[in-house]
Structures are given as C-alpha cells and as structure tokens.
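Every read-out reported here was derived from the displayed coordinates using simple, explicitly stated rules and does not represent laboratory data. Predicted model only: the values in this text are computed from it and were never measured. Cβ atoms come from the backbone with ideal geometry, glycine included; neighbour counts cover every protein chain shown.
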C-alpha cells in the first residue's frame, strides 16, 4: 500500500489531546451550519434554468451540503433569488423572506435580481435589495454554474464567521428596520 | 320545499375548500398562480393569475435598434433561445427582402434543431420528475450540457445565446464546433433510448399519465393551440411544413401526431420529435453546402474587419450599424417559426425609424394556457399538476 | 393560392355579403390585409369562420396598435390574424377607432382563444370589450391606473431615483 497523504476533513483551530478537542462554540456551530445549508430556490426565469444545471450531475451543488432543496420557507436557511422580480412579485418575495426563521441568508443570483438587469421598465423591481436585505450578489446574465457555486462558497464563509449573537444585536435590528421588517 | 333546496345548496357550497396554488410553488415550473376551488380532491373551478414576471418586452422593443432586440428575444422561451433569435432575424430579413445563402440557412437549421432537442429534454425529464422518477433528469441533463458546450463554441454563451446576426451568422462553425457536434450526435441516441426504456413503458408512469388532461381536436382549434400540445391532440399543424422557412423543405422528417391529447401523448410526441430533430441534423450535416455564412445585407450585417480598416465606406457602415442608425424600409410584416412550444410569431410595424414602431410577439404559451381551467375541471389535484408540467408553460413566454 | 388571388377571393365574398365598400384591401408582404369598420367586425369574423369556402377556423393572434400622428378617428387600431389550416390561407383584418370611443364587441364567443388576448389589449391600450366574461388587467398589477403601451407614457418607472439624467450628462 502506498503511503497516500490523506486530506482529512477541515477542523477549526483549537487545542487537542487524547480524546478531547477544545475550541470555541461559535467555531463549531459555524462549521456545522456552513456544511448543511438548505437553500430555497426562488427561481423565476432564465437564471432558474442555470440553477437546474447547477443542481444536476455536472456541477453538483449537493457536494456543499445542500442536497435537500426546501421549498417551504420555514425549513430553509438560504434564500436564493434567481431571475427577474417584478413589482407584482415584490410583496410575495417579502412574505417568503419574513416567513423564514433566523438565522437566514439571502443570495441574489443574476443581473435582474441584483439591479433590474437589462429591464429598465415600469414593471420590473430594480434590484431585490429594495425590499429585502441581501448578503451576496452574483452578477451575470445568466451566471455560469461555477459563478453560482462561488457565490455559495462566499455565503458559506459568511456563515462560518458569523457571531452567534449577531441576530439579536442592535445593528441587525436597525438593518431590518430600514426595510420595514420587525 | 324551495327553501329546503336553497339550504341544501348552501350547505353543499360550504363544503368547498379554496386552495391557493401560489406563485411560488415547487411544482409549477415558473411563477403563475392558480386559485382552485375544490370539493375534497376534485377540482370544481380554478382561476389563473399571470403577470408575475411581466418585463414589458413590447414596450422595450420600441426603444431599441433592430440589432439589440435579439438580446430581448433570448429571454422569451429561455429553454430554447436560439430559435427565438433566428425567428427575429428572419422577420427583419423578410422586411428588408434579404437573401441568405444556403450554407447559412443549413447552419441555422442545425442550431435550431439542437435547441429544440434541449427544450424537449427539459420538458420530458420534468414530467418524469413530477411523477417521482428523478433519474431521467440527472442522466439527460448531461446531454443538455453537451448542447451548451456546442453553443458556447459557436457564440460564447450557454443559455441566452444571442446567436446569429441579421443577414446570417457571425462566424463560421470552427473545427472544434464540428467535433463537438459529432460527439453529441454519436452519444445522444443511446442516452435517449435508455431514457425511453426507463420511463415510457413503466407501469406507474403510464397509469399516472394516460387519460389525464385530455384535449380534444375541437378544443385545440378553439383555443388556438399550436406545437406539440396540438399535435398530441391529433391535428398535424407544424409551421415548418405548412409555411416552410429557412430551407426546411429540403429535409425529410415526420411529424408525430397523438390521438387523445392527454399527458402521455404530449410526452410521447416530444420524445418522438427529439428523434426527428436528430434526423434533420444528420441530413443537414451530410448535405452542408459550401459558400458564405452571411448574405449581402450591408445595412445590417457588419462588414469584414479588413475592409473596415482600409476603406472609408465600410467604416461608415460599421459605425452606423453599431450605433443603430441603419436605414430600414417602412412596412409591416408577420413571420412565424415552429418554436419549442408552438407557433412563435413576430408582427413588426416599421415606420422607417431606427427602432420598430410596434412589435407584437405571438407567444404560444400565453395563448394555450388559457385553456387550463377547462382542462382540469373535474379532475384531481395531482393530475392538475401533471397536466401543467406536460403543457410546458415557460413563464418568460407567458408574460413577456 | 397566390396572395392576390386569395385577397380578391375574400374581398369578393365580403362585398357580396356586406355591401360595396365594407372592406378595403391592401397587400403587405405575403398577407392580404382588410380594413373594415368596427361595427361590422363581429359579423364579418363570424362569416369568415362559418363560410364553407373560406372557413378561417383558427385565430392566430390579435393585438392593439396606436398611431399618434394619424387623424384622430384612426388613432387606435386592432389587428386580427386568421388562418385556414386545410387550405393554408392566412389573412389579416384591421379596425381603427378614435380615442374617445374605444368600445368593441368581444369575440370570445367565436374563438375562446380571444379571451386573454383581449385582456392584454385592454391592459396595454385601454380598449373596452363589451361582452367579455372577465375584463380586468392581466399582465400588470390591478392597481395600475394608466395603460402603459400608449405612446405618451415612458418606458422607465416614474419613481426611480438612481438613474438621474444629471449623472449621465443629459
């Protein structure tokens, strides 16, 4: 048998010994959360088809822990908004966001979700950050699956490094207040 | 006596429940809403609401020069965008009476048939996923990736392709593009046969789809169906045969026609159409003529770079075309092609200006989705879901 | 059948049944186009569908048009396209009306496919179809109080604030 250098799973910094590993709680929680994000694919148009290609066998998104797509907001962690959001759809997007339980993250995929895209018209919402707070923006029309995966990895970085007390902090409440969400 | 009847009727009314098959729903592929009035599991009535992705294409088109409208047409039926691009180019070529050489037409046919295969792959695998058979989706999407690679080689983009130009194509197929097309052609039949063996004769699939969502011939004509949905109902209307465009009369292919218009027929018609598209591509590759890949349309097609750098006239034409100041004749024209879902038509009124005066897009999904409440009346909820996914309603084409 | 033969055939039939001058014939590319008056449109369409020789049983499409520079009686228009699939005849019909009188009789009783197409014409231009089962907006929000495709309204949203002209040197 060759002596293969096996790359074991990533472990956070800490002190280890015989049968114990000492680290801080938020590192462990971050590690657990980042590798088991359940996305809610809010796919409205062409970017949704690129998402279908990302979920298929070639660019498999379930390698990153999101094997189970949740269509129910109560059971989802990550809201991926893919495609154009029109003014008629805006209130519905907000209801879905409000129904999600904390902690929750939002990823806006595609030029139309980030800023209205090529549709500078009376009926298209010029960017979803007019109604909900967004964590990661993935530009492109439509973005390649590799770009969507990179956006996902950036969300994973945010999840890993987030403090456990962030969601009750004053700053977060003020952020939600600017959107009118209690 | 009368009062008792009225009471009975009111009691019966109270037992109906209202279910909102809302805009965001995993099973409706796209965002449109249906409010269903149900008696237990049976659907009594329904009211669809669309417009959740209305992007005002017709109004944007009044502002953009002719070359830039191609990027809008990509986003109509985004599962098969090259067909929409070619339809727009052919409409403008009809307006200016341009003649396109045979080689460019055959190349267009290959691109259109590849995108038709891509569109039907999505629809058929998604019908199978809705009945619970997800394996077909994972297997066949690899072939959709192969088609994406071919489009990437030809034009640079995977999904919203903006392929071709008014007057021909922007470049000839490179050797790498031909190799990728050959690789697709050699591997696809085995995969499609495997999908066929997996799903078509499966007892559960057949039980769930036969007799579900039937459409009669009279109803198909009344609701102006077109495309695979109409052919499944029994009427063989195919725009490629009735009003041939782009040299389709040179190719030999059959039109699959169903009998009862139910979900199984729609599935089978699309499956068989994939085989016929494969046949057309084989013939086009074998009979590909030599020649130029663009026609003589100096007002719309960019001149060759060598001429732009050396002659003043070509430089002026290049500038005018890029800035969108082409000379367009006045007139009104309607041209239709066989899109992935039916007859996709463009009605263009030009008043001589740099942008269209009025562009109306005849979208097949918008027209045949009106019949959905009538089709699902009296059926069960799960059948309604399957009917919707087999009708292949693409939200981009519904709202435009 | 050639375009001008078809045009002449339909024109003769219309003159026979609806009187001289009921329709004006033009040719645009490969379609004969008939301009008729809006009061007779419903009867003409019923006739075209039910006549044994013509039998245009398929409504391909319909849409609204607006010509702001034309005479006021001809400002708004509707276009209908019909198709006879057995013999492959295709024709187009147009009606014109002034802005003050946008009432039209609905043709949903002839072809059910006209239901949503008329709602779209109402949503975009403001035509009022009498006899339509459910005339409300279809693609825009119900609360919208103007008809967006009319030429006097701009494309962009009136309340946007980040694409100011002064930043772009206009």
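Of all the options B:152, B:218, B:306, the one that moves most in a Gaussian network model of chain B with Cα springs shorter than 10 angstrom is B:306. For an R0 of 56 angstrom, estimate the FRET efficiency from the Cβ-Cβ distance between residue B:18 and residue C:168 and round to the nearest 0.05. So, using R0 = 56 Å, E works out to roughly 0.70. Three principal axis extents of region A:25-129 based on alpha-carbon atoms, in descending order, are 48, 32, 22 Å.
Per residue, the convex hull spanned by the Cα atoms of chain A measures out at 144 cubic angstrom. Would you please state which residues of region C:65-96 a label at residue C:18 would reach in this model, taking the label point 7 Å out along Cα→Cβ and a backbone N cut-off of under 12 Å? Hits in region C:65-96 for residue C:18 at 12 Å: C:80, C:92-96. Over all projection directions, the Cα-based convex hull of chain B averages an area of 22.3 nm².
Using the Cβ-Cβ distance between residue A:154 and residue C:130 with R0 = 60 Å, the FRET efficiency computed as 1/(1 + (r/R0)^6) comes to roughly 0.60. All distinct Cα pairs of region C:1-110 go into the 1/r average, and the inverse of that average, the Kirkwood radius, is 14.4 Å. Taking other C-beta atoms within 10 angstrom as a stand-in for reagent exposure, B:360, B:54 fall in the order B:360, B:54, fewest first. Listing A:46, A:141, C:63 from fewest to most neighbouring C-beta atoms within 10 Å gives A:141, C:63, A:46.
How far, in degrees from 0 to 90, does helix B:381-390 lean away from the longest principal axis of the Cα atoms of chain B, to the nearest 10? On a 0 to 90 degree scale, this one is about 10. Of interest is the spacing of the C-alpha centroids, which for region B:340-400 and region A:143-158 amounts to 33 Å.
State, to one decimal in nm², a quarter of the convex hull surface area for the C-alpha atoms of region B:178-262, i.e. the direction-averaged projected area.
Here the figure is 7.7 nm², rounded to one decimal.
The alpha carbon centroids of region C:1-63 and region A:48-70 are separated by 54 Å.
Given contacts defined as C-alpha pairs under 8 Å and at least six residues apart, what's the relative contact order of chain C, whole-number percent?
Reported as a whole number, the value is 15 percent.
Short to long, the 5 Å bins of the Cα pair-distance histogram for region B:65-180 hold 2, 12, 20, 22, 17, 12, 7, 4, 2, 1, 0 percent of all pairs.
Helix B:135-155 and the longest principal axis of the Cα set of chain B meet at an angle near 20°.
Both radii were evaluated on the Cα set of region B:123-212; the Rg over Rh quotient, with Rh as the Kirkwood radius, amounts to 1.11.
Evaluated at q = 0.05, 0.08, 0.11 Å⁻¹, a Debye calculation over the C-alpha positions of the protein assembly as shown (equal weights, vacuum) places log10 I(q)/I(0) at -0.28, -0.71, -1.33. The value obtained for region B:263-341, namely the Cα convex hull volume divided by the number of residues, is 167 Å³ per residue. Considering only B:109, B:35, B:297, the Gaussian network model of chain B with Cα springs below 10 Å gives its largest mean-square fluctuation to B:35. Here the protein assembly as shown carries DSSP beta bridges of which approximately 75% are antiparallel, counting only pairs with both residues inside. Measuring max minus min along each principal axis, the C-alpha atoms of region B:293-400 give extents of 70, 29, 20 Å (largest first).
Hull volume per residue, based on the alpha-carbon atoms of region A:77-182 and their convex hull, is 91 Å³.
For region B:43-113, the alpha-carbon radius of gyration amounts to 1.47 times the rule-of-thumb value 2.2 N^0.38 Å expected for a compact globular protein. Between residue A:15 and residue A:174, full extension at 0.36 nm per residue minus the direct alpha carbon distance yields a gain of 53.5 nm. Ordered by the number of other Cβ atoms lying within 10 Å of each residue's own Cβ, fewest first, B:206, B:86, C:149, C:85 fall into the sequence B:206, C:85, C:149, B:86.
For region A:12-155, what is the percent of antiparallel DSSP beta bridges, rounded to the nearest 5? The antiparallel proportion sits near 25 percent.
Can you tell which of B:160, B:135, B:387 shows the greatest fluctuation in a Gaussian network model of chain B with Cα springs below 10 Å? So, out of B:160, B:135, B:387, the one fluctuating most is B:135. If you plug the beta carbon distance of residue B:286 and residue A:75 into 1/(1 + (r/R0)^6) with R0 = 51 Å, you get a FRET efficiency near 0.45. Counting only DSSP beta bridges with both residues in chain C, the antiparallel share comes to about 80 percent.
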